[in-house]
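To start, the structure itself, in structure tokens.
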Amino acid sequence: AAVPARLWGGRSRCAGHLELLFAGTWGSVCAEGWDPAAARVLCRQLACGRPRLIPAACGSTAAGAAPAVLRRVQCTGQEPDLEHCILQPGNPSPCPTDR
């Protein structure tokens, strides 16, 4: 099954806060579990070209973002979409903040 993704709050459909639909709930991914390879796959899935910066929320609620539903999204960067990546569910605890 596909993992729907959306970016919201940005100036275009290819900008904004990342949310994924996982186990029936829209939520974010901890920043510690999101990397440039995952961003490449997301941008390919959304037909948004090359990624620049895709910040991810960390902790239970960050800057109005949905609670984290995935601890980590592990991709090689070659996958056609996020459902082919390794998805680790769960809200990180404790979740380190970005510096």
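Just so you know, all these numbers are worked out from the coordinates, no wet-lab data involved. Note that the coordinates shown come from a computational prediction; the quantities given were computed from them, not determined experimentally. Glycine gets a Cβ as well: all are built from the backbone with ideal geometry, and neighbour counts include every protein chain shown.
Between beta-carbons, use under 12 Å as the cut-off and find the net charge around VAL3, counting Lys and Arg +1, Asp and Glu -1. Mind showing how you got there, number by number?
Details: positive: ARG6; negative: GLU19, GLU79, ASP81, GLU83.
Result for the neighbourhood of VAL3: -3.
At 7 Å along Cα-to-Cβ for each site, give me the label-to-label distance between THR25 and ALA2 in nm.
Here the modelled spin labels are 2.4 nm apart.
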